[in-house]
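S.K.: Take this structure, written in structure tokens, and hold onto it; I'll ask about it next.
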Amino acid sequence: MTPNDTVQNRLDFDDAQSVAERGLQVVSAQFLSVEPFTKNIFEGFDEMRALTYSVSTPMIVRMLDRYSFQRFECVFGYEGGLGRFATVIAFQQFLKNQVRECALQLEDESQRIVLEKIHGGTAQFYVVKDNIAHSKLYLLKSADPERRRVIVGSANLSERAFGGKQAETLLVFDDDDKAWEHYSREYEAVKETASDRIDLPVDLRSAEIAFTDTPVLQDPGVTVFLPPPIDELTVPQVVHKVEELAVPVDRVVSPLVSRENGRYILTPAVKAEIKKMRWRKGQQEDDETRPTHLTIHQESRYVSLSGIPFSLDADDEGLRRSAGAIVEYFNNYELGFVGDVRRLQRDYFMFMSWLYASPFICDLRARAVVGGGNIFHYPSFAVIYGKSNCGKTSLVDTLITSMFGHPSTVDKDSFTRGMLRGLQQNYGRYPVVFDDINRRRFNNHGLDIVKDENLPPVQEHPCFVVSMNAEPQSFQDEVVKRCLMIYANTSLPTHDYALADELHSSVEKIRDKLTTDFYRRYLAAVMEKLDADSMPGDILRMSSDTICEVLDEFVDGELPDWCRPVTWSEYAGSRYVRAARRLSALLAPENYRDVVDGEQGWTLRADTVVVWEKADAFGRTSIKGEIPDFLYDDTSSVGDTFVLWRKQTEEFLNKPISAPGFKWWPWRR
């Protein structure tokens, strides 16, 4: 094509390229009526074409199952900025796997019908390969009776948008020739100029689709991509998964992409070279290809880990090895840790009970919101904090390995408000683990999502694990009551290097014994229990019961003392033990003063207790940050002096509070 041909094409305002590049359009319409939305809006049509900008494959796959469309087309757009080839390829890879994943979750007969439509060409999917308009439009048509319907508006083709409760706007044009002509032209322009067709493999249960199988790289011809101006690029964090996929793809693709007149070009030779490449085995590859998504379908017992089916069938030998390794790991704390080791083992077993059950917490929180249950009993965040050498990182890595085969940690630089939301919406039920997050980063970026009790816009969402080197006063009471808080005050002596090396070597040997068989058996057992009771009031008890039952079956001899069921009441009663001890020590008789004076002390005023404790020379704050909010008289507490309600404080400490020499009898709990 000559330059003149190109210019002539841009002047032809009815061709697909020109229509796609028109930009913002204004359509004049006339208001006739309004009515509540129902899904009957899609009934009675033979054909449907859709352009949607939300990765909403679950609803689309279900529509294929529900409606008898003789022809169905859908173009998926991308809400982020497609600023480089790697992002285009990554989005195509992500979407293709989403369609595959949703089809696998259907019951056998429905799955057969949907896959017949897809493989037979009745249902066709297209995915963007360029930056295009963000219209959402739906074109429906039937031959007998002859009808045509255009639907435009803000709603993406998703359960959330079409659920009837979200604030969306839809405009409907029925049998309007001009509207049909205009929007059909817009749809076809997007489809023809800026999208590639998705073809699913016949064997859906094979491994997750690789980026080399995306339409861009399967196209034998030249692919030209014109990136938008930099100042127009915005990448919403809800597309974090695509950005994450783009990282390893970018390493492979970007060095081979040529640039010509502001356009990036993938030639057929380069595509062939890319498809020959394979990631070498090693630690870098493990990081790039680690599982980051877990799906659980309770009714069908379908579980997948990053798109690969995760069977619930467990091997008895693997079960025996893993059960023994878990017991050995917890017993290891007795070989050199200093402090209350029994308490540490018990607390860490409590964390294990929560972590193993964490993939089901998204369901339980949703049911609690709908049914009026206590959502605080199903925390989606766990915080393990304490000294730097108390085994926090080793514990989390070992438990995640026992669940999914190897440890998985998200880079702490991703602990930001936006990235946390993106992880929440893209990891499915797979636990998101952060290690060594400091207090400032946690307070600046984590508090919003911790305190947000609204359900995320996705059905499956993960729990978060955060390990920190911090003291109890680092956390607000609002955080403590919304998270599973595990404080580790027991540690390994730092001066005994030989002991540290010995324990490290022991942990490595224990991990080598772990298989996922133990967790597979656990998942199967928990699903059976959830079938009988879909809303267990005590998730820690249900989970720890299950762990103990499996351990008891596959471990020889009697189980250790730490390995017995834990309850939510036991956990809740332990959250403020340290704060109660410190406050009780501060309210000792020798610290009583008639007036507020000195570095620390306390006095009585009517029905309150006035306490003061100033920060030390290093700026460490007083006990005030550890005390539950319900003890405070906020209107009277100022600075380092805080006022506590006397009756509530006595109940909290389980003892009377009186001035020295004054006996208050009898004491009633």
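The values are calculated or read from the model by the stated rules, or taken from the named source; none is laboratory data. The structure displayed is predicted, hence computed values, not measured ones. With ligands, DNA and RNA removed, areas are computed over all heavy atoms of the protein, side chains included. Shrake-Rupley method; radii C 1.70, N 1.55, O 1.52, S 1.80 Å.
S.K.: Using the heavy atoms of the protein chains alone and a 1.4 angstrom probe, what is the accessible area of the stretch 443-488 per residue in square angstrom?
M.R.: Details: 1620 Å² over 46 residues.
So the stretch 443-488 comes to 35 Å² accessible per residue, rounded to a whole number.
S.K.: Long-range amide H contacts for Asp538: which residues qualify at under 5 Å (H placed 1.01 Å from N, peptide plane, sequence gap of 5 or more or a different chain)?
M.R.: none
S.K.: How big is the stretch 419-504 by Rg and Dmax over its Cα atoms, in Å?
M.R.: My reading of the Cα-based Rg and Dmax gives 16.1, 50 Å.
S.K.: On the full set of protein chains, 1.4 Å probe, figure out the accessible area of Glu181 and give it in Å² to the nearest 10.
M.R.: Looks like 110 Å² after rounding.
S.K.: Considering only protein heavy atoms and a probe of 1.4 Å, how much of the accessible area of the stretch 486-585 is carbon and sulfur, as a whole percent? Could the numbers behind the result be given before it?
M.R.: On the way: 2260 of 4820 Å².
On the stretch 486-585, the fraction of accessible area on carbon and sulfur atoms equals 47 percent.
S.K.: So, with a 1.4 angstrom probe, what is the percent of accessible area on the stretch 292-344 that is carbon and sulfur? Could the numbers behind the result be given before it?
M.R.: Numbers: 1160 of 2340 Å².
Its accessible area is 50 percent carbon and sulfur atoms.
S.K.: Could you report the stretch 311-442's accessible area per residue, 1.4 Å probe, as an integer in Å²?
M.R.: 35 Å²
S.K.: Work out from phi, with θ = phi - 60° and the Karplus expression 6.51 cos²θ - 1.76 cosθ + 1.60, the ³J(HN,Hα) of each residue of the stretch 356-362, listed in order in whole Hz, and give x for Gly and Pro.
M.R.: 4, 8, 4, x, 9, 5, 4
S.K.: Take the alpha carbon gyration tensor of the stretch 309-447, find the square roots of its eigenvalues, order them as a ≥ b ≥ c, and report rounded if a/c is under 1.5; if not, report prolate when a/b exceeds b/c, else oblate. Could the numbers behind the result be given before it?
M.R.: Values: a/c = 1.61, a/b = 1.20, b/c = 1.34.
It is oblate, given that a/c is not under 1.5 and a/b is not larger than b/c.
S.K.: A further question follows. Once a ≥ b ≥ c are taken as the square roots of the eigenvalues of the Cα gyration tensor of the stretch 482-543, is the result rounded (a/c under 1.5), prolate (a/b larger than b/c) or oblate (a/b not larger than b/c)?
M.R.: On the way: a/c = 6.19, a/b = 1.81, b/c = 3.42.
Judged from the Cα gyration tensor, the stretch 482-543 comes out oblate (a/c at least 1.5, b/c at or above a/b).
S.K.: With θ set to phi - 60°, apply the Karplus curve 6.51 cos²θ - 1.76 cosθ + 1.60 along the stretch 535-547 and write out the HN-Hα couplings as whole Hz, x wherever there is a Gly or Pro.
M.R.: 9, x, x, 10, 6, 5, 5, 4, 5, 5, 4, 5, 4
S.K.: Between rounded, prolate and oblate, where does the stretch 477-614 land on the alpha carbon gyration tensor, with a ≥ b ≥ c its root eigenvalues, rounded for a/c under 1.5, else prolate if a/b exceeds b/c? Before the final figure, lay out the partial values.
M.R.: Values: a/c = 3.59, a/b = 1.70, b/c = 2.11.
Oblate is the answer for the stretch 477-614, as a/c is 1.5 or above yet b/c matches or exceeds a/b.
S.K.: Continuing with the same structure: For Val75, which sequence-distant residues (separation of 5 or more, or a different chain) have an amide H within less than 5 Å of its own amide H, given hydrogens modelled in the peptide plane?
M.R.: Hits under the 5 Å cutoff: Ala50, Leu51, Thr52, Tyr126.
S.K.: Quick check: at a probe of 1.4 Å, how many percent of the accessible area of the stretch 377-454 sits on carbon and sulfur atoms? Could you put the intermediate results ahead of the total?
M.R.: Details: 1050 of 2710 Å².
Whole-percent figure for carbon plus sulfur exposure: 39.
S.K.: In whole Hz, with x marking every Gly and Pro, tabulate ³J(HN,Hα) for the stretch 628-644 from phi via Karplus 6.51 cos²θ - 1.76 cosθ + 1.60, θ = phi - 60°.
M.R.: Going residue by residue, I get x, 4, 5, 7, 7, 9, 4, 5, 9, 7, 9, x, 7, 9, 10, 10, 10 Hz, with x marking Gly and Pro.
S.K.: Distance cut-off 18 Å, Cα to Cα: go down the list Lys387/Lys614; Lys392/Lys412; Lys39/Lys141; Lys136/Lys191 and report the pairs above it.
M.R.: Values: Lys387/Lys614 23 Å; Lys392/Lys412 15 Å; Lys39/Lys141 16 Å; Lys136/Lys191 13 Å.
Where the Cα-Cα span goes over 18 Å, the pairs concerned are Lys387/Lys614.
S.K.: Hey, if we sort Glu613, Glu146 by accessible area with the 1.4 Å probe, largest down, what's the order? Don't skip to the end; give the middle numbers.
M.R.: Details: Glu613 30, Glu146 155 Å².
So the residues, ranked largest to smallest area, are Glu146, Glu613.
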